[in-house]
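**Student:** Mind looking over this structure? Questions follow.
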Amino acid sequence: MITYASLKKKNSATACLRELFRTHGKDEYFEFITRGMGKGGKKSVNAVYPWVYSRVFLLCLITFAALSFVTEFTFSVMMGMGHPVLVLTGAMLVTAPVIVLFFELYPKRDLNFLQLMLVFIIGGAASDIIINLGYYLVSTSDTWLSVLWTAFLEEAGKAIPAIIAIIILKADNPLKCFVIAAAVGSSMAVSEDMGYIFFGSTQFGISVSSTVTMTLLRALTSISAHVVWTGFIGWAYGKFKWRVLDIRFWLVCLGSMALHYIWDFPVPFLNIFTLLGAFIGGIVITVFLVRTEREKVYFEELLVRDRVDYTEYIADGIKSLNKNHCNYSVYKYNVCGITAVICAVIISVCGLVFCVKGKSGGYNDLYFSDASEFTYFMHSGKYHLNFSRKYDADAPNFAEYWENGELKEVTQREIIDDTTYYYTYYIGIGLTDIRLEVDGVRYESESLFTKDGEVKYFKTNPDVVDCYYDPEYDEYIVVTYTPVEYDWFVNVLLGSVSGAAFLIGASATVYALVAARRKKLAAKAELSLGDIEEEEIETKAEEENCGGRTDNE
C-alpha cells in the first residue's frame with residue numbers, strides 16, 4: 001500500500017530538477033495548453049513534473065534584456081520610446097513564471113491555463129479597483145497607521161475577487177484555491193511593480209539604468225510577496241470546512257496581513273531585517289504548503305482509484321513519457337540546445353550589465369546628512385554665504401526702495417574673488433535675501449525647511465537638477481545629471497563575452513539543426529530501403545508462385 005513516505009520519494013526535487021533540462025516535444029506543450037479541457041481531461045490527474053515555468057522565465061529574461069539593451073543603445077535617437085514596453089516586461093519578469101509554476105504544481109486536471117489567465121486579468125483589475133477606492137476614501141498622515149491600513153486594504157482587496165473566483169470555478173481542494181488566489185495576487189503584483197518601476201525610472205527623465213535596477217529589485221522581492229500572501233488566504237478558504245465562519249480562516253488572513261505589515265515596517269533601521277524575515281517566512285510557508293497539499297491530492301486520488309502501483313498512476317500523464325517517470329534512463333537531453341540557452345542567458349546578463357554599468361553619467365541621487373556639506377556641494381565648493389552680515393550704513397547702497405518718503409529696503413554689493421554678492425536688507429528687520437552673480441548669471445537664494453530650521457543655498461552647481469529634504473531619514477538628497485560617457489573597458493569586456501557566447505550558441509544551434517536534418521534524411525533513406533526490399537521480396541514470391549503453377553501444369 002502506498003504511504004506518504006513512498007510518495008515523497010517519487011516526488012523528489014532531484015527529479016524535478018532533471019526535468020528542467022530534458023528535451024520536451026510538441027505533445028508535451030500541447031498537453032500543458034489543453035490540460036483540464038474536455039470531459040476526459042478533467043477526470044485524469046497531472047503527474048508531469050513542472051518545467052514550462054523555466055521556459056517562460058528564460059523568454060521573459062531574454063526579452064527584457066534585449067529591450068533594455070536596444071532602448072539604451074538607441075536612446076540618443078529614440079529618446080526611450082520603448083520604455084513603457086520595457087516597464088511591462090520588467091514587471092512580468094519573475095511574476096509570470098511563478099504563476100505558471102503554481103499551475104504546473106497543481107496535480108488535478110480540473111483547472112486549465114486559460115481559466116487561470118482570465119482570473120489573472122479580471123481578478124487583478126477588480127483588486128486594483130477596490131484598493132484604489134480604499135485609498136481614495138481613507139488616508140492618514142500617521143506612518144504607523146498608514147502601513148497598517150495598507151496591509152489591511154491590499155490583502156482584503158485581493159482576497160475578495162480571489163474568493164469570488166474560487167466560488168465560480170468550484171474549487172474543491174485547498175491547493176486549487178491557493179493557485180487561483182495566487183493568480184489574483186500576481187496580477188496585483190504586476191500592476192504595483194509597473195508603478196514602482198515607471199515612476200522610479202522617470203522622476204527626472206527616462207533612465208534605462210534605473211529601470212533595470214528597479215526591475216531586478218522588485219523581481220527578487222515579488223517571489224514572496226503579494227502572490228503568496230493572497231495564495232495563503234485562498235488556501236485557508238478551501239482548507240476549512242466552514243469557510244469564512246471558521247476562526248482559523250480569519251487567523252490566516254491576519255497572518256497574511258501581518259507578513260505584509262512587517263514587510264513595510266515603518267522603522268528605517270529595522271526595516272531591512274523585517275523585510276528579510278517576511279521574505280524567508282513566505283517562501284518557507286509556501287514550499288511546505290504546496291508540497292503537503294500536492295502529496296495529499298495524489299494520495300487521496302490513489303485511494304479513490306484503489307491503485308497501488310505509483311508507476312502505473314504516473315502513466316496517466318503523457319503515456320509515452322511518464323512510464324518509469326523517475327528513472328533517469330528515460331531522460332533525453334539536447335546538449336546543443338542547453339548550450340545555446342546558456343549562451344543566450346550570458347548574452348542577456350551582459351546586456352543588462354551594459355544598461356546599468358556600461359555607461360557613466362545620467363541621473364544620480366546623492367545623500368548628505370549635514371547642512372554644511374549639502375550647501376558646499378550646491379555651491380560647487382566655491383562660494384561662501386555670510387548670512388550673519390550686518391547692514392553697513394557707511395557703505396554705498398547698490399539699490400534703495402523708498403515708500404512715502406521713508407527708506408524701506410536697501411541692497412548692498414560686495415565683490416569677493418570675482419564673484420559679486422548682493423545683500424538685501426529690510427530696514428528694522430535685517431538681512432532678508434542674498435543673491436550672487438557669476439559670469440553674468442545672477443542666482444537667487446533658495447531654501448529648504450528642515451527639522452532644525454531653514455537652510456538657504458544657491459543652486460550654482462551645473463550638475464544639480466533638483467534637491468529636497470527627507471524628514472524620515474533626516475537627509476538632504478541632491479539629484480544630479482552628468483553627460484553620458486561610455487566606459488570603454490566595461491563595454492569591450494561585455495562585448496567580448498557576448499561575442500564569444502554568441503559564436504558558441506550559434507554553432508551549437510547550427511550543429512543541432514544539421515544533426516536533426518541528417519537524422520531525418522537517414523530515417524527517410526532507411527524507410528525507402530525497407531520499401532525496396534519489401535517490393536523485391538514480393539516480386540520474388542510472385543515469381544516463385546508463377547513458377548510453381550507452371551510445374552504443376
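**Student:** Among (1) open to solvent by less than 50 Å² (accessible area, probe 1.4 Å); (2) closer than 30 Å to Asp474 by Cα, where does Thr411 come up short?
**Tutor:** Unmet condition: (2).
**Student:** Here are some residues: Ser388, Ser380. Which one is loosely packed, with under 10 Cβ neighbours inside 10 Å and either polar (S, T, N, Q) or over 59 Å from the mean Cα position of the chain (by Cα) (or both)? Reasoning before the result, please.
**Tutor:** On the way: Ser380 fails: loosely packed, with under 10 Cβ neighbours inside 10 Å.
Only one candidate passes the filter, namely Ser388.
**Student:** Can you name the residue in segment 471-507 that is of a type in the set (Phe, Trp, Tyr) and part of a helix (DSSP H, G or I) and, of all such residues, is most open to solvent (accessible area, probe 1.4 Å)? Outline the logic, then answer.
**Tutor:** Kept after step one, since they are of a type in the set (Phe, Trp, Tyr), are these residues of segment 471-507: 473, 476, 481, 486, 488-489, 502.
Then drop every residue that is not part of a helix (DSSP H, G or I), which leaves 488-489, 502.
On the way: Trp488: 172, Phe489: 155, Phe502: 128 Å².
Among residues in segment 471-507 that are of a type in the set (Phe, Trp, Tyr) and part of a helix (DSSP H, G or I), the one most open to solvent (accessible area, probe 1.4 Å) is Trp488.
**Student:** Given segment 53-120, what helices (runs of 4 or more DSSP H) lie entirely inside it while holding 1 or more residues that are of a type outside the set (Gly, Ala, Ser), open to solvent by 50 Å² or more (accessible area, probe 1.4 Å) and farther than 14 Å from Thr211 by Cα? If you could, list the steps in order and put the result at the bottom.
**Tutor:** Details: elements: 75-78, 83-91, 95-105, 113-118.
Of the helices (runs of 4 or more DSSP H) lying wholly inside segment 53-120, those with at least 1 residues that are of a type outside the set (Gly, Ala, Ser), open to solvent by 50 Å² or more (accessible area, probe 1.4 Å) and farther than 14 Å from Thr211 by Cα span 75-78, 113-118.
**Student:** Something else now. Quick check on Ser68: is it in contact with a Cys (Cβ under 8 Å, 6 or more places away or on another chain) and closer than 22 Å to Val345 by Cβ?
**Tutor:** Values: in contact with a Cys (Cβ under 8 Å, 6 or more places away or on another chain): yes; closer than 22 Å to Val345 by Cβ: yes.
Yes: the conditions hold for Ser68.
**Student:** Would you confirm, using the coordinates I've provided, whether Ala523 is among the small types (Gly, Ala, Ser), assigned to a helix (DSSP H, G or I) and modelled with pLDDT under 85?
**Tutor:** Details: among the small types (Gly, Ala, Ser): yes; assigned to a helix (DSSP H, G or I): yes; modelled with pLDDT under 85: yes.
Criteria met by Ala523.
**Student:** Next up: I need the full set of residues from segment 352-377 which are open to solvent by 50 Å² or more (accessible area, probe 1.4 Å) and assigned to a loop (DSSP other than H, G, I, E, B), in order please.
**Tutor:** Hits for segment 352-377 are Ser369, Asp370.
**Student:** Would segment 31-49 turn up any residue that is modelled with pLDDT under 95, part of a helix (DSSP H, G or I), of a type outside the set (A, V, I, L, M, F, W, C) and under 19 Å from Ser186 (Cα atoms)?
**Tutor:** Just the residues of segment 31-49 that are modelled with pLDDT under 95, to begin with: 31-49.
Imposing the further condition that a residue be part of a helix (DSSP H, G or I) reduces the set to 31-34, 38-43.
Pick out the ones that are also of a type outside the set (A, V, I, L, M, F, W, C) and you get 31, 34, 38-43.
Those left that are additionally under 19 Å from Ser186 (Cα atoms): none.
No, every residue in segment 31-49 fails to be modelled with pLDDT under 95, part of a helix (DSSP H, G or I), of a type outside the set (A, V, I, L, M, F, W, C) and under 19 Å from Ser186 (Cα atoms).
**Student:** Here's a follow-up. Looking at Tyr53, is it out of contact with any helix residue (DSSP H, G or I) (no Cβ under 7 Å at 6 or more places or on another chain) and at pLDDT 80 or above?
**Tutor:** Details: out of contact with any helix residue (DSSP H, G or I) (no Cβ under 7 Å at 6 or more places or on another chain): no; at pLDDT 80 or above: yes.
Taking the combined requirement at face value, the residue does not satisfy it.
**Student:** Looking only at segment 487-503, which residues are farther than 19 Å from Cys355 by Cα and within 29 Å of the chain's Cα centre (by Cα)?
**Tutor:** The answer is Ala500, and nothing else.
**Student:** Just a yes or no: is a residue in segment 168-180 free of Cβ contacts under 8 Å to residues at least 40 places away in the same chain, open to solvent by 10 Å² or more (accessible area, probe 1.4 Å) and out of contact with any Phe, Trp or Tyr (no Cβ under 7 Å at 6 or more places or on another chain)?
**Tutor:** To start, the set of residues in segment 168-180 that are free of Cβ contacts under 8 Å to residues at least 40 places away in the same chain comprises 168, 170.
If we keep only those that are open to solvent by 10 Å² or more (accessible area, probe 1.4 Å) too, we end up with 168, 170.
Next, from what is left, pick out any that are out of contact with any Phe, Trp or Tyr (no Cβ under 7 Å at 6 or more places or on another chain): 168, 170.
Yes, segment 168-180 contains at least one residue that is free of Cβ contacts under 8 Å to residues at least 40 places away in the same chain, open to solvent by 10 Å² or more (accessible area, probe 1.4 Å) and out of contact with any Phe, Trp or Tyr (no Cβ under 7 Å at 6 or more places or on another chain).
**Student:** Ser141 fails exactly one of the following numbered conditions: (1) under 26 Å from Asp264 (Cβ atoms); (2) assigned to a helix (DSSP H, G or I); (3) open to solvent by 50 Å² or more (accessible area, probe 1.4 Å). What is the number of that condition?
**Tutor:** Single failed check for Ser141: (2).
**Student:** Something else: Determine if segment 460-468 includes at least one residue that is at pLDDT 85 or above and exposed (fewer than 12 other Cβ atoms within 10 Å of the Cβ).
**Tutor:** So far as segment 460-468 goes, yes, one or more of its residues are at pLDDT 85 or above and exposed (fewer than 12 other Cβ atoms within 10 Å of the Cβ).
**Student:** Hey, another quick one. Taking Tyr481 as meeting all but one of (1) closer than 30 Å to Phe449 by Cβ; (2) in contact with a helix residue (DSSP H, G or I) (Cβ under 9 Å, 6 or more places away or on another chain), write down the number of the exception.
**Tutor:** That leaves (2) as the condition not met.
**Student:** Follow-up. Give the residue, chosen from Ala171, Ala181, that is part of a loop (DSSP other than H, G, I, E, B) and on the phi < 0 side of the Ramachandran plot.
**Tutor:** On the way: Ala181 fails: part of a loop (DSSP other than H, G, I, E, B).
Unique residue meeting the criteria: Ala171.
**Student:** Looking at segment 421-431 only, could you name the residues that are at pLDDT 80 or above and exposed (fewer than 15 other Cβ atoms within 10 Å of the Cβ)? Let's see the steps before the verdict.
**Tutor:** Within segment 421-431, the first condition is being at pLDDT 80 or above, and the residues that meet it are 421-427, 429-431.
Answer for segment 421-431, where residues must be at pLDDT 80 or above and exposed (fewer than 15 other Cβ atoms within 10 Å of the Cβ): Tyr426, Ile427, Ile429, Gly430.
**Student:** Across segment 448-477, what is the total count of residues that are of a type in the set (S, T, N, Q) and over 25 Å from Gly205 (Cβ atoms)?
**Tutor:** So the first thing to find is which residues in segment 448-477 are of a type in the set (S, T, N, Q), and the list is 450, 460-461.
Now drop any that are not over 25 Å from Gly205 (Cβ atoms), which leaves 450.
Result for segment 448-477: 1.
The values are calculated or read from the model by the stated rules, or taken from the named source; none is laboratory data. These numbers were taken from a predicted model, which means no experiment stands behind them. As a convention, Cβ positions derive from the backbone with ideal geometry for all residues, glycine included, and neighbour counts pool all protein chains shown. The protein model used for the area step is the full one, side chains on, heavy atoms only, and it has no ligands, DNA or RNA in it. Shrake-Rupley method; radii C 1.70, N 1.55, O 1.52, S 1.80 Å.
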